[in-house]
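Novice: Mind looking over this structure? Questions follow.
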Amino acid sequence: MYRYDQIDRDMLADRTAEFRGQVARRLAGELTEDQFKPLRLRNGLYLQLHAYMLRIAIPYGSLNPTQLRKLAWIGRTYDKGYGHFTTRTNLQFHWIKLADAPDIMDHLASVDMHAIQTSGNCIRNVTADPYAGATAEEIDDPRVWAEAIRQWSTIHPEFNWLPRKFKIAVTAAAKDRTAAKTHDIGLNLKRDRSGALGFEVMVGGGLGRMPYIGQTIRPFLPATRLFSYLEAILRVYNRHGRRDNIHKARIKVLVAALGRDEFASQVEAEWEKIGHTPDLPDTELARIRGAFAPKTFDTLPAVSEAFEAAKLATPAFARFARNNLKPHKVAGYAIVEVSLKAIGETPGDCSSEQMEAVADIAERYGQDDIRVTHEQNLVLPHVKLDDVAAVWAALDAVGLATPNMNLVSDIIACPGLDYCALANARAISVAQHIARKFADPDRAELVGELKVKISGCINACGHHHVGHIGILGVDKKGEEFYQLTLGGSGAEDAAVGQALGPALPYDKVAEAVDTLVETYLRERHDGERFLDTFRRTGVAPFKEAVYADVH
Amino acid sequence: MKALTANRLTDGEVVFWRKGQWVARFAEADLFADDDPAGEEAEGHAKSQRTAVVEPYLIDLTQAQGLWAPVSYRERIRALGPTNLNHGKQAEGGAAIEALLTAHGAARSTGRVDLIKRK
């Protein structure tokens, strides 16, 4: 993974010293809250319902064991012994004290981490495929480009005061595991007929109050021109984005207002002004690429006798292998997905003990590599098949071997009204109720792939618009109600879900999801996922079943 | 009836106004009749305490099990802690906590409305 150089470290040291001074001035009364708030937000520090929340950037979801152990230590020392992984592949601590925040920043800096640009109207943490460097599907390693974008966008003077926050995703595989089309810019690595590397550039995706799926404005941008093209997009946005109305300030609204073609032509005109020289020197690209050089893999048979024997001997392990293992590009290896969705627990939460266990496992069996997914899970991208049974046992010992990846209980949920100052309704407890309904793993496997995503307000941190079943908490005459949508997808077949019908009360949501699943099982044809069946039948049978049941 | 609440500056802790001081337990908060100007006076005083608390505001109360509880569900969660884990203020238990847990009536929180206005 990428290691900071002295310039990075000096910059972080300056920044944490500056933040320490800002906190001291606030505590002494030299800064008012109105003056201090934008400063703390620039360092990822929010004030939520019960305490301060610190959002720590995990660049493109990539961690090493030292960093994860440091996060575990911070959780134990300064929080209540756990952290919460988010849909931005970041980590949030929900019980932070203001006076401790500068010390925490110093501890983060000691392992090349920080919380800069995890808030504010700037370019946020870049999302990348959590299987990067491990999947045979990829054209190139997206982390190389995500890291280059991180360096370019960090404290970029021109793009630190955009009309609104800005999110970029980089993927390099046909299967999109980044939700690229819901980002302000989605970059899909491709090769042209000559073998040259480039990007399909999608712009204007986003969720929140007005959901849009990103539109392609350039089918193939030569990779050597990426940064000038990003600059051109951001300049058009900076010039015309709606600063007068926060609800219309995202680039998606601008792209929709201008139309894709007009927006694209303005970007091209801006790009023309910048010139035609390559914008990332080959030497710098090579330096960054060197940090992601392919790991050294042993030559192993494609079939592991130990792995096959363990599956036969232990049905629970066989279930884990069916659901949580993905093919690796190298024979004899696997990608292991670690679910943070134990039945009845808080989606995305991870205790300090669990973080330390994952760090140990990654060190012993996983080439020191850990990834965070936008679906609030972890990934060990490089595990020998021979070692998977030992990894499973070690995960199981700390409650991290739930075999439910992509199944109905693998639910995305934002912190919701339990923690968040903006939320209208709870999301976590709704997720807990649904997961308990599908606690039977046989039934969950029978249902198959089903992505349930829950947000506690219209800001859509839980990605409800793109859930196969999306659930949005609303405030209806002062009570928690939930609007359900069906047929959304955040993957390569991205779509915004369709409303099911009137909002349901809190205690009817899990029951309604159960009814939706039963309707799917009744209606599905061979091999159809929930999403496929919905796309074939439309909303009618689902709506009829839920509202017949509820009323 | 109303109570005055805020988050403590140093740690973000949810606090309530009591005789010119801030306390962590809702059960110890001063209660102000709806038409009692003392509530707004306390709020004005609290807003001048810039190194003590952040964003003080009055919340509406309702009766539950013979005790007072915030009308708003959001404010009850602030007074109790999150519902997914039992490690907020609710961990202390007792009659006052029980009253908060069983309270009903959820008008939108004044704090939430203020937040929306600020956005």
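Novice: From the residues in the range A:71-87 that are buried (at least 22 other Cβ atoms within 10 Å of the Cβ) and more than 14 Å from chain B (Cβ to nearest Cβ), which one is farthest from the chain's Cα centre (by Cα)?
Specialist: This residue is A:I74.
Novice: Further, regarding this structure: As an exercise: evaluate A:A401 against (1) crowded, with 24+ Cβ neighbours inside 10 Å; (2) away from every other protein chain (no Cβ under 14 Å) and give the number of the one condition it does not meet.
Specialist: Tallying (1) crowded, with 24+ Cβ neighbours inside 10 Å; (2) away from every other protein chain (no Cβ under 14 Å), A:A401 fails exactly one: (1).
Novice: Give, as residue ranges, the helices (runs of 4 or more DSSP H) completely inside the range A:179-285 that count at least 3 residues that are touching a strand residue (DSSP E or B) at 6+ places or on another chain (Cβ under 8 Å) and within 17 Å of A:K167 (Cα to Cα).
Specialist: A:226-240, A:251-258
Novice: Please determine whether any residue of the range A:200-209 is surrounded by fewer than 24 Cβ atoms within 10 Å (Cβ to Cβ) and under 18 Å from A:E272 (Cα atoms).
Specialist: There is at least one residue in the range A:200-209 that is surrounded by fewer than 24 Cβ atoms within 10 Å (Cβ to Cβ) and under 18 Å from A:E272 (Cα atoms).
Novice: Given the condition surrounded by fewer than 16 Cβ atoms within 10 Å (Cβ to Cβ) and either away from every other protein chain (no Cβ under 14 Å) or at positive phi (or both), answer yes or no: does some residue in the range B:64-83 qualify?
Specialist: For the range B:64-83, residues surrounded by fewer than 16 Cβ atoms within 10 Å (Cβ to Cβ) and either away from every other protein chain (no Cβ under 14 Å) or at positive phi (or both): present.
Novice: Answer yes or no: is there a residue in the range A:520-541 that is under 30 Å from A:A169 (Cβ atoms), of a type outside the set (F, W, Y) and either in contact with a Cys (Cβ under 9 Å, 6 or more places away or on another chain) or not assigned by TED's automatic domain parsing to the domain that holds A:A427 (or both).
Specialist: no
Novice: Follow-up question, since we're still on this one. If I go through the range B:26-49 residue by residue, how many of them are within 14 Å of chain A (Cβ to nearest Cβ) and in contact (Cβ under 8 Å) with a residue 12 or more places away in the chain?
Specialist: Of the residues in the range B:26-49, 2 are within 14 Å of chain A (Cβ to nearest Cβ) and in contact (Cβ under 8 Å) with a residue 12 or more places away in the chain.
Novice: If you don't mind, there's one more thing I want to ask. I'd like to verify a number: residues in the range A:418-433 that are in a loop (DSSP other than H, G, I, E, B) and more than 9 Å from chain B (Cβ to nearest Cβ), how many?
Specialist: 2
Novice: Related question: Which residue, of A:M11, A:M53, is touching a Phe, Trp or Tyr at 6+ places or on another chain (Cβ under 6 Å) and not assigned by TED's automatic domain parsing to the domain that holds A:E375?
Specialist: A:M53
Novice: Can you tell me which residue among A:I104, A:I155, A:I116 is assigned by TED's automatic domain parsing to the domain that holds A:Q22 and farther than 24 Å from A:N377 by Cβ?
Specialist: Matching residue, one of A:I104, A:I155, A:I116: A:I104.
Novice: Would you confirm whether or not the range A:371-383 contains a residue that is farther than 19 Å from A:T178 by Cβ and crowded, with 20+ Cβ neighbours inside 10 Å?
Specialist: Checked the range A:371-383: at least one residue is farther than 19 Å from A:T178 by Cβ and crowded, with 20+ Cβ neighbours inside 10 Å.
Novice: Considering A:G462, A:G490, A:G470, which residue is under 17 Å from A:G416 (Cα atoms), buried (at least 24 other Cβ atoms within 10 Å of the Cβ) and in contact (Cβ under 8 Å) with a residue 40 or more places away in the chain?
Specialist: When all the criteria are applied, what remains is A:G462.
Novice: In the range A:1-43, what residues are touching a Gly at 6+ places or on another chain (Cβ under 9 Å) and loosely packed, with under 12 Cβ neighbours inside 10 Å?
Specialist: Within the range A:1-43, A:P38 is the sole residue that qualifies.
Novice: Only residues in the range A:260-280 that are in the same structural domain as A:I185 (by TED's automatic domain parsing) and free of Cβ contacts under 8 Å to residues at least 40 places away in the same chain count as the first member; pair them with residues that are aliphatic (A, V, I, L, M) and surrounded by 11 or more Cβ atoms within 10 Å (Cβ to Cβ), Cβ under 6 angstrom, at least 6 apart or cross-chain, and list the lot.
Specialist: A:Q266/A:V236; A:E270/A:A232; A:E270/A:V236
Novice: Can I ask one more? Residues that are crowded, with 17+ Cβ neighbours inside 10 Å, at least 3 per element: which strands (runs of 3 or more DSSP E) completely within the range B:1-52 meet that?
Specialist: It comes to B:2-8, B:14-18.
Novice: Being over 26 Å from A:T86 (Cβ atoms) and within 14 Å of chain B (Cβ to nearest Cβ) narrows it down to one residue among A:G501, A:G478; which is it?
Specialist: Only one candidate passes the filter, namely A:G478.
Each row is one residue, and each column tells you yes or no for (1) under 18 Å from the mean Cα position of the chain (by Cα); (2) surrounded by 24 or more Cβ atoms within 10 Å (Cβ to Cβ); (3) touching a residue at least 40 places away in the same chain (Cβ under 8 Å).
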{"residue": "A:T66", "(1), (2), (3)": "no, no, yes"}
{"residue": "A:A99", "(1), (2), (3)": "no, no, yes"}
{"residue": "A:H107", "(1), (2), (3)": "no, no, no"}
{"residue": "A:A115", "(1), (2), (3)": "yes, yes, yes"}
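Novice: Examine the range A:293-313 for a residue that is out of contact with any His (no Cβ under 8 Å at 6 or more places or on another chain), within 27 Å of A:R235 (Cβ to Cβ) and either not assigned by TED's automatic domain parsing to the domain that holds A:D140 or not aromatic (F, W, Y) (or both), and state whether such a residue exists.
Specialist: The answer is no, given that none of the residues of the range A:293-313 is out of contact with any His (no Cβ under 8 Å at 6 or more places or on another chain), within 27 Å of A:R235 (Cβ to Cβ) and either not assigned by TED's automatic domain parsing to the domain that holds A:D140 or not aromatic (F, W, Y) (or both).
Novice: Of the residues in the range B:84-107, how many are over 16 Å from A:D418 (Cα atoms), in a loop (DSSP other than H, G, I, E, B) and either more than 7 Å from chain A (Cβ to nearest Cβ) or not hydrophobic (A, V, I, L, M, F, W, C) (or both)?
Specialist: 5
Novice: Identify the single condition in (1) under 30 Å from A:L91 (Cα atoms); (2) crowded, with 19+ Cβ neighbours inside 10 Å that A:S304 does not satisfy, given that it satisfies every other one.
Specialist: With (1) under 30 Å from A:L91 (Cα atoms); (2) crowded, with 19+ Cβ neighbours inside 10 Å applied to A:S304, the lone miss is (1).
Novice: Could you give me the residue pairs with C-beta distances under 8 Å whose first residue belongs to the range A:350-377 and is on the phi > 0 side of the Ramachandran plot, whose second residue is charged (D, E, K, R) and buried (at least 24 other Cβ atoms within 10 Å of the Cβ) wherever it lies, and which are 6+ apart or on separate chains?
Specialist: A:Q376/A:K341
Novice: Would you say A:Y46 is within 10 Å of another protein chain (Cβ to nearest Cβ), out of contact with any Gly (no Cβ under 7 Å at 6 or more places or on another chain), crowded, with 18+ Cβ neighbours inside 10 Å and touching a residue at least 60 places away in the same chain (Cβ under 8 Å)?
Specialist: Yes; evaluated as a whole, the condition is true for this residue.
Novice: Which residue out of B:E98, B:E55, B:E75 is within 20 Å of A:K477 (Cα to Cα) and touching a residue at least 12 places away in the same chain (Cβ under 8 Å)?
Specialist: It is B:E75.
Novice: For B:W68, state whether it is modelled with pLDDT of 95 or more and hydrophobic (A, V, I, L, M, F, W, C).
Specialist: no
Novice: If you take the residues of the range A:318-334 that are in contact with an Asp or Glu (Cβ under 9 Å, 6 or more places away or on another chain) and part of a helix (DSSP H, G or I), which of them is nearest to A:Q367 (Cα to Cα)?
Specialist: Only one residue fits best here, namely A:N324.
The values are calculated or read from the model by the stated rules, or taken from the named source; none is laboratory data. None of these values were measured; they are calculated from a predicted model. Every residue, glycine as well, gets a Cβ built from its backbone with ideal geometry; the counts of neighbours run over all protein chains shown.
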